[in-house]
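Here is the structure we will look at.
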């Protein structure tokens, strides 16, 4: 079986990309050319298995999945780069970014949150 490699040539200078922030919500608009739109549907069908025999995923849901997968990959790259830095490099980077020192976040203790309805909670298993 021969695998055919196709490259998508994206011309970012021709992109119509708009971000609209209103209060707590953000809308992202991306206008694709006919060729880019066809590639989008090819990728979506390859990932989801297409509408026949696969999952029928709406374009907006697929776009969210792709966006957040990309953001997660980006954050993984940043964490890897930070892990390779020594403490003085990290401190210098934090200072340049305007962040002072470390940020301590107190996480609540699960027992202090009160009763839960989680079926995996040990206290609920005993009740049944």
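The values are calculated or read from the model by the stated rules, or taken from the named source; none is laboratory data. None of the values given here were measured: they were computed from a predicted structure. Here the Cβ is made from the backbone with ideal geometry for all residues, glycine too, and neighbour counts use every protein chain on show.
Contact map, region 17-46: first residue closer than 22 Å to residue 57 by Cβ, second residue at pLDDT 85 or above and not in a strand (DSSP E or B), Cβ cut-off under 6 Å, separation 6 or more or different chains; pairs are 44/62.
So that you can scan it fast, the table gives a plain yes or no per residue for (1) touching a helix residue (DSSP H, G or I) at 6+ places or on another chain (Cβ under 9 Å); (2) part of a loop (DSSP other than H, G, I, E, B); (3) modelled with pLDDT under 85:
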| site | (1), (2), (3) |
| --- | --- |
| 50 | yes, yes, yes |
| 62 | yes, no, no |
| 65 | yes, no, no |
| 68 | no, no, no |
| 72 | no, no, no |
| 80 | no, no, no |
| 94 | no, no, yes |
| 111 | no, no, yes |
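Here residue 39 qualifies as surrounded by 11 or more Cβ atoms within 10 Å (Cβ to Cβ) and modelled with pLDDT of 85 or more. The criterion of being modelled with pLDDT under 85 and outside any helix (DSSP H, G or I) holds for residue 5.
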